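The values are calculated or read from the model by the stated rules, or taken from the named source; none is laboratory data. Small disclaimer: the values here were computed from a predicted structure and weren't measured. Glycine gets a Cβ as well: all are built from the backbone with ideal geometry, and neighbour counts include every protein chain shown. For accessibility, only protein heavy atoms count, side chains too; no ligands or nucleic acids. Shrake-Rupley method; radii C 1.70, N 1.55, O 1.52, S 1.80 Å.
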2 protein chains.
Amino acid sequence: MSYILVTGGAGYIGSHTVIELINHGYKVVIVDNLVNSSYDSVSRVEYIVKQKIPFYKIDLRDSDGLSKVFDDYPISAVIHFAALKAVGESTTIPLKYFENNVGCTISLLNVMKYHNVKTVVFSSSATVYGDATRFENMIPIPEECPTGPTNPYGHTKLTIETILKDLHASDPQWRAAILRYFNPIGAHPSGLIGEDPLGIPNNLLPFLAQVAVGRRAKLSIFGDDYESHDGTPIRDYIHVVDLAKGHIAALNYLSSLKPSQGLYREWNLGTGKGSTVFDVYHAFCRAVGHDLPYEVVGRRDGDVLNLTSKPNRANKELQWMAHLTIDDACRDLWNWTTKNPLGFHVKNYSVNEDAYGEDRVHTVEYPGFKVSIANYGATIIDIEVNGKPVVCKFDNLRDYHLPSNPCFGATIGRYANRIGGAQFTIGGKQYDVEKNEGANCLHGGSHGFNTQYFYGPIATHSEEDDSTTLKFVSFDKDGHAGFPGDLITTVAFKVQPKSLEFEFESSLSPKSSVDATVVNLTNHSYFNLCGEGTINETELLLASNNFLEVDSALLPTRSIKKWTRPDVSKPFTVGTAVFDNCFVLSDYSSKLDTRKERMVDVVHASHPGSKVKLTVSTTEPSFQLYTGDGVDTKGFFHRAGFAVEPCRFVNAARVDDWKKQVVLKKGEVYGSRIRYTFE
Amino acid sequence: MSYILVTGGAGYIGSHTVIELINHGYKVVIVDNLVNSSYDSVSRVEYIVKQKIPFYKIDLRDSDGLSKVFDDYPISAVIHFAALKAVGESTTIPLKYFENNVGCTISLLNVMKYHNVKTVVFSSSATVYGDATRFENMIPIPEECPTGPTNPYGHTKLTIETILKDLHASDPQWRAAILRYFNPIGAHPSGLIGEDPLGIPNNLLPFLAQVAVGRRAKLSIFGDDYESHDGTPIRDYIHVVDLAKGHIAALNYLSSLKPSQGLYREWNLGTGKGSTVFDVYHAFCRAVGHDLPYEVVGRRDGDVLNLTSKPNRANKELQWMAHLTIDDACRDLWNWTTKNPLGFHVKNYSVNEDAYGEDRVHTVEYPGFKVSIANYGATIIDIEVNGKPVVCKFDNLRDYHLPSNPCFGATIGRYANRIGGAQFTIGGKQYDVEKNEGANCLHGGSHGFNTQYFYGPIATHSEEDDSTTLKFVSFDKDGHAGFPGDLITTVAFKVQPKSLEFEFESSLSPKSSVDATVVNLTNHSYFNLCGEGTINETELLLASNNFLEVDSALLPTRSIKKWTRPDVSKPFTVGTAVFDNCFVLSDYSSKLDTRKERMVDVVHASHPGSKVKLTVSTTEPSFQLYTGDGVDTKGFFHRAGFAVEPCRFVNAARVDDWKKQVVLKKGEVYGSRIRYTFE
């Protein structure tokens, strides 16, 4: 299967187009130098499409680096977005604009030519027309309108069109689709990606959005004495999702050409319907729910009455048409804005630089409290209280891949703990899953969630409860390790000044070929309140002393035994006692989704050598307590940490009475919550 | 004093402009990547202007390299010629054209900006107008004519104009003069530089010139059914020297602006007078002296009737006007073509790669005979007969700079041999020159011609006598080492299959502040016919056994003694005899210019260990024979070679009877010839 290379795929229009490409069955590689965009948009696109998207942080002028991408992926076409795009900025640093926009394109085309990839969709702009009102009968603007941009940004776009035209003339095999955008607005309806302009926004709606969230005082309206119905100038605003779909239409059109046929052709991507500044203003105010401050000021140099597109050529030839309205766009923009008031920037949140895909480590930091989470295994890499780690952790992310890693900090799934005989039955159908602990299946097999790449995160900050949440998603394919059904699992890590709360949620994909599967999720952090040494002096207080009796295969006998030694109301020192037991709460829930259940403090832990106290709370019916006696990995040995794993009953998948805890049917939702609180 | 940086200064228009710049008192630095030009044009420009011109082989995209040039020279303005310029080629490799022309310009402008050099004269083209006949009333073409180039070359020129316009708009301190050339033709009247197109020439006159010298069969005339007086299309041909002067006018105009005033402005450089293809054809046939073959073929795509310039803006604002006619241009082109039928390529001639200025070594090679000559000291670096050197030579050019170098192969001047007491008198005025051998001045002092940089060479090949000649020139400034007068000296090395003949010529510069000086020139090769060992077994036959008796200061007593030992008609073996004697021919000439005198074989040399026989011949009245007893340098010791130095009488500058041999008055010419023949 061939790939579409998307340059500038981390940008506003690029990221929306990547989603459409994947929705239309294309495979995508993204190249972006991130000078004016954020990899967060790519990780959010991955979150949305639940697919890994190869990403390269490359400046297109790095021909060698770019050529390597063409070596590594069978690329059939390029959609070329990468460019500096601020009109105002371009008038102050024109050399930079030419150097970047034109230089990058020439380099890209050279590399494409070298790899015999001769299909390109180019992200141009209606700016190339300049003031189309200087001609008669050119409003709405057709592609035949003579060009004449009036700023360096527009000059770079027209220069690139010219280069592509000359290139096609020199070698008619080239296929170049020139898409001249009118005014892209809006955001993805998910609210997860959208425009994130640096500095003061140049465009009407991004500016208005910042007024709405209080980042700007008021909107300036440049002139209300034009000959429109309300006196403000008319432009052609197009929803970014409609625009993104235009690229698919162009790609399809190019694919429909005869094998040896080349092309150079321009298409307007616009709605054909003009809206005034006030039209847009009012639409956005409707979306926000109240009026926003504005001021009418003088006309702006170079502004003209009407720059509406004539999109007939694209309508007809590409069989593409914009469907969404400015109300749709305002709604989606407001959704994006309220969810991401600072764009991709999120308070207290940071990520390791120059790490993409599964090498990313996300850190949320409050004074005296820091949590780091990796995409790899949705793993808690570190929890630090007052600057000191309280969990077992490797210094290097690569070490989490070691076979000897005892699941340090990892999210455990699709099925935490043991399934006896690695076999279970749902609705009369028997499933055999991977045996990775003798005859049992442990923690979902040897390539469970702890070794999988989670997409995301969606990072958000809430002022309301001063929390920062990182939400990841995994897509576990039907048949992986023998488990049935495409399982979609989100893990949200909500960090507050002294606590970390997880929320797990799983459901079968609507497209899944089976109707039911089993799920059991937890987190496998190993606590050591001193950060080093053994846990033997740790004092624990458990919420229950009922536990599941197990046989020699470590599987429950189905009888719940009471652990008689400690007084359940008083902490005990762990000493050398070995625990690998599933404690059961007295009034445990048997629900599939426990999130609405009462959250119980199941373990309190402290240590005479540390000022840090830990409370593990959960909505789950049971928790495995493990004193880490099997730990033997790089730098860590037995009893280096203890794990508290709130989860469903061990082997529930095989025990009729407990099955409802773990059997997930299509349309149902599995859910749970766990919290680590430190004081 | 500030410098003008000329990019592409080795090219056709660039090289002519450099000459005009220097003629107008500017200092110049040239940057050229030489992909489409030859350093020979720079060395020929140096020959013409008799000045060293700093040259850097740099691609403008090498910002670091380019920036270094700005560090090294106080550059006040740039004239930017460097570009690929073949319209036809540009339609087949447009990416290369954009990459090179636009990429180089952006890089150049960035470096200029960094160094706060904001004055640029840009070499644009009337091509930016495209077909100006598409508008009414735009022939002759004024600068106001809308642009619309119809080929990638023209697109790159227009893009660069746009970049400069945007740059000036972003920072009004920039001064950009856009010079739109019409059709440059002709060559420098010296015939030393001109257009040297690679491959098949695109333009009328270069093509016609190649027809004239037999490199092309006939001229194709594309259509004779246009509405002109003879049916062929009308263009505006401008002599390259007029065009070059336009750049000086533009620079002067920019300098005349107020200190803080910037500018972006276009000027047509054309004559304003149209000529048809046939007009030019006939003019060139007149220059050649006979008609040249041509054929009328069909019209060429994109050709139009008339593209004549309206040069009024340049005439008025720049106070510049083209003065030369197409007859002038044809005469100069034909002069250039006949002198250089293969352009800068010369049969049998080659030069060391990537060496410029004084590091150049020029080699002329015939089967079994090779001569290499350096610009440094116009020095014979090597003479090889049948693959073996017959002169003392260093392996490394740098070693010729060693103070211990006993003038191996060098041209000796301004005054060869000794001037007693380093003092002489001309017209009653006494001159004191450098004492570098006791009280005497030897070989023009310690920084004589042997250590000076000679300009050129002008390399030419003559089929008539199968010779290849390298002609160098030096400009020895008034007062150097104490000698009076600006002395211009050319040394021509004429190589034939088994001989090397020198021709020396000196005259005082017409601008020289004194009316007379002294000159005595020779070459100081040390022969060793075996290429190694001492010369003791060498057998010599001398044309004379009369020699100048010398005193203890090695100065002539003015009596001519006869050396009695050898029979002058028979060779003798040198043995351990020490020679440093000036032998005088019996019927010696006392002329200042001996070149017309009879050439006498003054020394025959052979060696029992070598098959090579040498004859030294000259028109000079005497020759110094030196057995190299003072040689003591890197790899060579006494008697490593012997020198035969035909020249004027030793100390002639101080001896009234001999003075006319060496005293050169303004308007007179000093000349001599020497030949080394090998068999």
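In table form, for the structure just shown:
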quantity	calculated
B:T156, B:T271, reordered so the largest accessible area comes first (probe 1.4 Å)	B:T271, B:T156
Nonlocal amide H pairs with A:V602, under 5 Å, H built at 1.01 Å	A:V616, A:S617, A:T618
Student exercise, the range B:449-508 dipole from Lys, Arg, Asp, Glu Cβ charges, in Debye to nearest 20	240 debye
Inter-copy label distances at A:F135 (7 Å, Cα→Cβ; nm, one decimal)	1.5
With DNA, RNA and ligands ignored, accessible area of B:I19 (1.4 Å probe; Å², nearest 10)	0 Å²
Cβ-Cβ FRET estimate between A:S590 and A:N252, R0 fixed at 56 Å, reported to 0.05	0.65
Charge sum, other residues only, whose C-beta stays under 12 Å from A:E195's C-beta, Lys/Arg counted +1 and Asp/Glu -1	-1
Amide proton proximity set for A:A459, modelled H, under 5 Å, gap of 5+	A:K471
B:R286 paired with A:A217, simple spin-label distance in nm, labels 7 Å along Cα-to-beta-carbon	7.7 nm
Copies compared at B:K660 - label distances in nm, ascending, label defined 7 Å from Cα in the Cβ direction	13.7
Sequence-distant lysines (8 or more away, or on other chains) whose Cα lies within less than 19 Å of B:K435	B:K477
Listed residue pairs exceeding 23 Å between alpha carbons, taken from B:K245/B:K347; B:K562/B:K611; A:K471/A:K659; A:K388/A:K498	B:K245/B:K347; B:K562/B:K611; A:K471/A:K659
B:S672, A:S255, reordered so the largest accessible area comes first (probe 1.4 Å)	A:S255, B:S672
Accessible heavy-atom area order of A:S76, A:S525, highest first, probe of 1.4 Å	A:S76, A:S525
In order through the range B:639-651: 3J(HN,Hα) via Karplus (6.51 cos²θ - 1.76 cosθ + 1.60), integer Hz, x for Gly, Pro	6, 6, x, 10, 10, 10, 10, x, 5, 7, 4, 4, 6
Whole-Hz couplings from phi, Karplus 6.51/-1.76/1.60, listed for the range B:613-629; x for Gly and Pro	10, 10, 10, 9, 10, 7, 9, 7, x, 8, 8, 8, 10, 9, 8, x, 6
Average other protein chain Cβ within 10 Å of Cβ, residues B:157-163	4
Calculated FRET efficiency for the pair B:K477/B:D327, C-beta based, R₀ 45 Å, to 0.05	0.70
For A:M1, label point 7 Å along C-beta direction: distances to other copies, nm	7.1
Partner chain coverage, peptide A:150-156 - average Cβ within 10 angstrom	3
Surrounding net charge for B:S220, when Lys and Arg each add one and Asp and Glu each subtract one, Cβ distance under 10 Å	+2
Angle between chain A longest axis and helix A:277-288 axis [Cα atoms, degrees, rounded to 10]	10 degrees
Within-13-Å neighbourhood charge of A:E384 [Cβ basis; K, R +1; D, E -1]	+2
Distance (nanometres) between label positions extended 7 Å along Cα→Cβ at B:N137 and B:F637	9.1 nm
Within the range B:524-547: backbone nitrogen closer than 17 Å to the B:D601 label point (7 Å, Cα to C-beta)	B:539-545
Angle between chain A longest axis and helix A:103-114 axis [Cα atoms, degrees, rounded to 10]	80 degrees
Near-label residues of the range A:315-334 by backbone N, under 17 Å of a point 7 Å along Cα→Cβ of A:H229	A:325-328
Additional length obtainable on full extension of the chain from A:L305 to A:W563, 0.36 nm per residue less Cα span	84.7 nm
Angle in degrees between helix B:12-23 and the longest Cα principal axis of chain B, rounded to the nearest 10	70 degrees
Long-range HN-HN contacts of B:I185 with modeled amide H, under 5 Å	B:I238, B:H239, B:V240
A:L263 accessible area, 1.4 Å probe, all protein chains in place, Å² to nearest 10	30 Å²
Simple Cβ-charge dipole of the range B:281-401, Lys/Arg +1 and Asp/Glu -1, about Cα centre, in debye nearest 20	360 debye
Rough spin-label spacing in nm, given labels placed 7 Å along Cα→Cβ, for A:Y366 and A:S63	5.4 nm
Rotation relating B and A, chain A residue nearest the axis via C-beta, angstrom	A:T159, 3
Calculated FRET efficiency for the pair A:N202/B:N352, C-beta based, R₀ 56 Å, to 0.05	0.50
Hz values of 3J(HN,Hα) by residue in the range B:183-189 - Karplus curve (6.51, -1.76, 1.60), Gly and Pro given as x	9, x, 9, x, 7, 5, x
Zone residues, the range A:256-297, relative to A:K316, backbone N less than 15 Å from point 7 Å out along Cα-to-Cβ	A:266-268
Theoretical ellipticity at 222 nm over chain A - DSSP helices of four or more residues, -39500 (n - 2.57) apiece, nearest 500	-6000 deg cm²/dmol
